[in-house]
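S.K.: One structure is given below, represented as structure tokens, and several questions about it will come after.
Please treat every number below as a calculation from the coordinates, not as lab data. Note that the structure is a prediction, hence the values are computed from the model and not measured. Using ideal geometry, Cβ is built from the backbone for each residue, glycine included, and neighbour counts are taken over all protein chains shown.
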Amino acid sequence: MPRPEIVDLFAGPGGLDVAARELGYEVTGVEFDQDACDTREQAGLLTKQGDVRDFGPDMFSEATILAGGPPCQTFTVAGRGAGRRALDEVVTFVRRMARGEDVRSELADLDDERTGLVLEPLRWALEALHNGRPYEAIVLEQVPAVLPVWHEYRKVLIEKGYSAPEPKVLHTEQFGVPQTRRRAILVARLTGEAKLPDPTHRLYRKGVPRDQGDPSLKPWVPMSEVLDRQTRFEVVSNYGTGGDPKARGRRSSDEPAFTVTGKVSRNRVIAEDGSELARFSNPEAGILQTFPADHPWSGRAIAQQIGNAVPPLLGKAVLKAALGSAKEYENGTEA
């Protein structure tokens with residue numbers, strides 16, 4: 001059996017690609033942003049630069065797996081919420097697309113055209129089915145607000161013959177990422193049973209020691225375990241707790257990091273004696289996202305690249321559960 005290849009939509013600087021490469025897959029990422037493409041080039045990741053809307057599955061005929069993480073800016077709680085306000089409309093578009101309707105002109109009329117990008121993976125999947133070359137597997141991720149869209153995707157994919165478990169919001173620290181981050185994950189397979197990964201680490205809860213909880217799971221990973229800093233410290237979040245900008249969240253170096261965003265450098269880092277320490281560098285932010293320490297970040301807006309990326313360790317867990325390793329395909333023992 002030939003080794004399957006992945007086409008990764010909205011590939012960014014390569015979080016999912018790094019994970020897939022570790023599992024032995026060949027991946028081509030489709031990415032518009034020049035800065036992310038610069039990083040990808042330096043990292044040796046295959047890239048087709050351009051707008052996902054201008055391409056389709058016929059241009060990547062060797063790919064048998066579709067992956068992607070559409071831009072989250074209009075859905076994230078840190079944004080203005082155009083996508084969240086349009087959720088019902090987006091879910092309706094999913095159903096209409098499944099009936100064969102072309103909704104692209106209407107997507108362009110949304111308050112923020114980026115909202116419609118969440119429907120691009122479905123367009124690719126439906127076109128591949130129409131062309132008689134359906135994807136063997138589909139793996140998608142987004143912020144939790146998109147979960148209703150993934151649920152509608154699932155209904156459509158099951159109607160088209162796919163196996164797909166209920167999409168779930170996964171907590172990154174439960175997969176060894178030294179950071180709390182929540183991502184809505186959808187997986188589907190045309191043959192075999194699609195699966196989401198089981199947690200390997202405990203869920204982080206403020207004030208609950210890492211050695212407490214399910215003894216069958218590993219403790220969550222603190223910042224101090226991965227960052228090469230010689231002193232204990234406390235991070236003061238750039239975001240307010242409970243919506244109050246004055247109530248800044250605080251975490252010690254013995255806890256996982258807050259969600260790494262493009263504004264990670266705004267988080268203050270304070271030593272035990274109260275003195276200000278250097279704020280997180282781009283390489284440190286990348287490490288908290290579980291990129292290799294030597295990942296060759298390039299171009300501009302590096303912090304934004306890092307903040308937008310899929311943590312490779314989470315990506316690896318999802319891909320491994322959904323697909324198995326490429327070697328398993330090569331040996332004819334498909335997961």
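S.K.: Across the range 153-182, what is the number of residues that are in a loop (DSSP other than H, G, I, E, B), closer than 28 Å to D214 by Cβ and not hydrophobic (A, V, I, L, M, F, W, C)? Step through it out loud before you land on a result.
M.R.: Residues of the range 153-182 that are in a loop (DSSP other than H, G, I, E, B), as a first pass: 160-162, 164-167, 176-178, 180-181.
Applying the additional criterion that residues be closer than 28 Å to D214 by Cβ yields 164-167, 176-178, 180-181.
After this cut, where a residue has to be not hydrophobic (A, V, I, L, M, F, W, C) as well, the list is 165-167, 176, 178, 180-181.
So the answer is 7.
S.K.: Restricting to the range 188-210, give me the number of residues that are more than 27 Å from R268 (Cα to Cα) and either part of a loop (DSSP other than H, G, I, E, B) or charged (D, E, K, R) (or both). Working first, answer last.
M.R.: Taking the range 188-210 and keeping what is more than 27 Å from R268 (Cα to Cα), we get 188-201.
Subsequent filtering for residues that are either part of a loop (DSSP other than H, G, I, E, B) or charged (D, E, K, R) (or both) retains 189-200.
Adding up the residues that qualify gives 12.
S.K.: If you don't mind, there's one more thing I want to ask. Given the conditions (1) of a type in the set (V, I, T); (2) farther than 17 Å from V264 by Cβ; (3) surrounded by fewer than 20 Cβ atoms within 10 Å (Cβ to Cβ), report the number of the one that V149 does not fulfil.
M.R.: Condition (3) is where V149 drops out.
S.K.: Sticking with this one: Among the residues of the range 16-44, write down those that are more than 17 Å from W124 (Cβ to Cβ), surrounded by fewer than 22 Cβ atoms within 10 Å (Cβ to Cβ) and hydrophobic (A, V, I, L, M, F, W, C).
M.R.: Answer for the range 16-44, where residues must be more than 17 Å from W124 (Cβ to Cβ), surrounded by fewer than 22 Cβ atoms within 10 Å (Cβ to Cβ) and hydrophobic (A, V, I, L, M, F, W, C): L23, A43.
S.K.: Run down R202, R181, R229 and say which single residue is more than 23 Å from the chain's Cα centre (by Cα) and under 29 Å from E272 (Cα atoms). Steps first, please.
M.R.: Working: R202 fails: more than 23 Å from the chain's Cα centre (by Cα); R181 fails: more than 23 Å from the chain's Cα centre (by Cα).
The match here is R229.
S.K.: Out of the residues in the range 161-180 that are in contact (Cβ under 8 Å) with a residue 60 or more places away in the chain and of a type outside the set (G, A, S), state the one that is farthest from L227 (Cα to Cα).
M.R.: To start, the set of residues in the range 161-180 that are in contact (Cβ under 8 Å) with a residue 60 or more places away in the chain comprises 170, 172-173, 175-180.
Checking which are of a type outside the set (G, A, S) leaves us with 170, 172-173, 175, 177-180.
Numbers: L170: 24, T172: 17, E173: 16, F175: 18, V177: 13, P178: 10, Q179: 12, T180: 16 Å.
Residue satisfying both the conditions and the ranking: L170.
S.K.: Follow-up question, since we're still on this one. All but one of (1) in a strand (DSSP E or B); (2) over 20 Å from the mean Cα position of the chain (by Cα); (3) among the aliphatic types (A, V, I, L, M) hold for V139; which doesn't?
M.R.: (2)
S.K.: Can you name every residue in the range 120-136 that is crowded, with 23+ Cβ neighbours inside 10 Å and assigned to a loop (DSSP other than H, G, I, E, B)?
M.R.: Y135
S.K.: Identify the single condition in (1) charged (D, E, K, R); (2) crowded, with 19+ Cβ neighbours inside 10 Å; (3) in contact with a strand residue (DSSP E or B) (Cβ under 7 Å, 6 or more places away or on another chain) that R181 does not satisfy, given that it satisfies every other one.
M.R.: (3)
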